[in-house]
1. Out of curiosity, is M1 exposed (fewer than 15 other Cβ atoms within 10 Å of the Cβ) and modelled with pLDDT under 85?
2. Within the bounds of the stretch 193-204, is there any residue that is open to solvent by 60 Å² or more (accessible area, probe 1.4 Å), part of a helix (DSSP H, G or I), within 30 Å of A248 (Cα to Cα) and at pLDDT 90 or above?
3. Which of the residues that make up the stretch 256-281 are modelled with pLDDT under 85 and either part of a helix (DSSP H, G or I) or open to solvent by 80 Å² or more (accessible area, probe 1.4 Å) (or both)?
4. Consider S82 carefully, then state whether it is within 17 Å of L65 (Cβ to Cβ) and either in contact with a Cys (Cβ under 6 Å, 6 or more places away or on another chain) or polar (S, T, N, Q) (or both).
5. Mind checking which residues of the stretch 205-240 are in contact (Cβ under 8 Å) with a residue 12 or more places away in the chain, outside any helix (DSSP H, G or I) and not acidic (D, E)?
6. Could you list all residues from the stretch 59-78 that are part of a helix (DSSP H, G or I) and without any contact (Cβ under 8 Å) to a residue 24 or more places away in the chain?
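The values are calculated or read from the model by the stated rules, or taken from the named source; none is laboratory data. Computed from a predicted structure; not experimentally measured. Don't worry about glycine lacking a Cβ; one is built from the backbone with ideal geometry, like all the others, and counts go over all protein chains shown. Just so you know, the surface numbers come from the protein's heavy atoms only, side chains and all, with ligands and any DNA or RNA stripped out. Shrake-Rupley method; radii C 1.70, N 1.55, O 1.52, S 1.80 Å.
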Amino acid sequence: MSRCLRLLLLWGLLVPAAVFAEEPVDAEVATLRATYEYGRYAEVLERAGMRIDRGRLADKELAELHKLAGLSAFHLNRAEDSTRHFRALLRLEPDFNLDPFSVPPPAVQHLDGIRDQMSAELELVRQERRLRVERERTELERRERERVAAEEQRRRVEALSRQVTVRQVETRSFLVNFVPFGAGQFQQGRTGLGTLFAASQGVLAVTSIISFFAYDSLIETEDVTVDDIRGPLDVTVSYIPTARKREAEVWTGLKWGSAAGFYAVYAAGVLDALLHHQEQVVNTRIETLPSTPDPATPRASLHLYPTSGGAGAGFTLAF
C-alpha cells in the first residue's frame, strides 16, 4: 500500500508541473494587454518595444505585442510607429484582422491600408508559410515512416531473437525395405511411388487369388468303381472336362502370370528402396518461441466489512 501511495503522490506532483510546462505564457504580455485596456497607451508602446527588443518570444506573443504597440501608437497619433508595428504584425500573420467591435474603425482602416500597400510582400510571406507548412508536413511524414520502419525492424529483431533451430534425427530400418506393398518407399517419405507399388502389388495379388479359386471351381469329381483283384473298389476321380479346357488354360495363365508380376513388382520396389535407403535422415526446421507474457495488469478492488460500530470499507490496489 505504501508503494501505491508513493506513486499517487508522485503523480500528483508531476501532473501540474507538466501542464504548466506545456503552456508557457509570457507574464509581461498579459500585463501589457491589461495596461492597454486601461488606456495607458504611452506606457504600452514603450514597454512593448522594450520587450520585443529582448526577444525570446513565440510568434503568437510577438504578434500580440506588435498589435498592442501599433494600436497604442495609433491612439497617440504616432503614425510612423503605428505603421512600423502593423507592418511587423502583418509579416507574422498576413491575414490578421482587427476586431471591429473592440477597435475604432479608423484603426481598422489604417491596418487595411497598410495591408494593401504590402500586398505583394504579404503574398510572398503567404507562399513562404505554405512552403514551410509543406516542409513540416513532409518532415513529419518522414519521421513517421522512420518510426514505423524502426518499429517493424524492432519486431523483426525480437522475432529473430525468439527463433530456435530444431533438428530432428530419424533412424530408418533396413529390413523395412524388404516388406512388400511399398513399405520402403513410405518409410522414405516417397508416398507417391509407395502408393504405386502398393496398388500394383495389391491388384496382382488379388488377381492371382481369384484365378486360383476360379481354376479350382472348374475341377469336377466323380466316383468310379473299378474291378480290383481284391474285389470291386470305389475310387474318386478329379478332372476338368474337355469342354472347359480353354477356360482352364485362361485361369491358369492368369494365376501364374499375376503371381510372376507380383514378385517382379515386389523385386523392383525392394531394389528401388535399397538404392534410396539412408540409415539416418536429419530434418531441420526453425520455430519461434512464444513471446514473454505481459506483466499482470494492476487490479483494484473495494472491500466492505462489518465493524463493532457499523461497517468499514477498504481499497486494495495490486500491481
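1. Numbers: exposed (fewer than 15 other Cβ atoms within 10 Å of the Cβ): yes; modelled with pLDDT under 85: yes.
The answer is yes for M1.
2. Within the stretch 193-204, one or more residues are open to solvent by 60 Å² or more (accessible area, probe 1.4 Å), part of a helix (DSSP H, G or I), within 30 Å of A248 (Cα to Cα) and at pLDDT 90 or above.
3. Those that are modelled with pLDDT under 85 and either part of a helix (DSSP H, G or I) or open to solvent by 80 Å² or more (accessible area, probe 1.4 Å) (or both): Q278, E279, Q280.
4. yes
5. L218, I219, T221, V224, V235, T236, V237, S238, Y239, I240
6. The initial filter retains those residues of the stretch 59-78 that are part of a helix (DSSP H, G or I), namely 59-75.
If the condition is that a residue be part of a helix (DSSP H, G or I) and without any contact (Cβ under 8 Å) to a residue 24 or more places away in the chain, then K60 is the only one that fits.
One line per residue, one yes/no per condition, for (1) touching a residue at least 24 places away in the same chain (Cβ under 8 Å); (2) within 21 Å of N77 (Cα to Cα):
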| position | (1), (2) |
| --- | --- |
| E93 | yes, no |
| P104 | no, yes |
| H110 | yes, yes |
| G113 | no, yes |
| S119 | no, no |
| L124 | no, no |
| E128 | no, no |
| V133 | no, no |
| R137 | no, no |
